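The values are calculated or read from the model by the stated rules, or taken from the named source; none is laboratory data. Note that the coordinates shown come from a computational prediction; the quantities given were computed from them, not determined experimentally. Here the Cβ is made from the backbone with ideal geometry for all residues, glycine too, and neighbour counts use every protein chain on show. Calculation scope for accessible area: heavy atoms of the full protein, side chains included, ligands and nucleic acids excluded. Shrake-Rupley method; radii C 1.70, N 1.55, O 1.52, S 1.80 Å.
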Amino acid sequence: MKHKITYLLLLISLIFLISCDRHECINENPIFETNEPNSKKYKDELVNQLNKIDQSKLTYWLQKYDDQNGKESLYFNIQGDGLCATLHLTVNDWNKLENVRKRKGVGRRGAEFTNLKFKIKQDSMSTTFSYITYDRLID
């Protein structure tokens, strides 16, 4: 009886872990393949793609924390509705992200951020995605 319970708990845990994992996505966009996520060309194409799809179908998974000369940002895998890309997100207000900042993303990499909200600022010189908020973090 004890072995059956252990086996059942192990099976349930395995199913839970598999169901929470990020689904593999395959990028078919040559601009995303040949440019860095922090480049203007990549960001402009991401804006273009975001305008074409149903953004409510997107999921966001934390990839990494970055600090370049005091300018902090987060990189997210963004996928859904045919999109498979990386979002380079500038963070000026760390509301609800204090722990991610404090630990420089460690312990949160791969976590899903539901309903991630950001502002897009685009002009001839630059394109930026700036963090606003998110609903839930699923670790």
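The table below lists the values:
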| quantity | calculated |
| --- | --- |
| Those residues of the range 65-108 whose amide nitrogen sits under 14 Å from the label point placed on ASN38, 7 Å along Cα→Cβ | 65-76, 87-91 |
| Inter-part distance where the range 40-86 and the range 91-139 are each reduced to a Cα centre, Å | 10 |
| Set LYS71/LYS102; LYS52/LYS96; LYS41/LYS102 screened for pairs whose C-alpha atoms are more than 26 Å apart | LYS52/LYS96; LYS41/LYS102 |
| Residue-by-residue Karplus 3J(HN,Hα) for the range 78-86, coefficients 6.51, -1.76, 1.60, Hz, glycine and proline x | 10, 8, x, 6, x, 9, 9, 8, 10 |
| Cut-off under 5 Å, modelled amide H: who pairs with ALA111 long-range | LEU62 |
| Whole-percent carbon and sulfur share, accessible surface of the range 32-139, 1.4 Å | 42 |
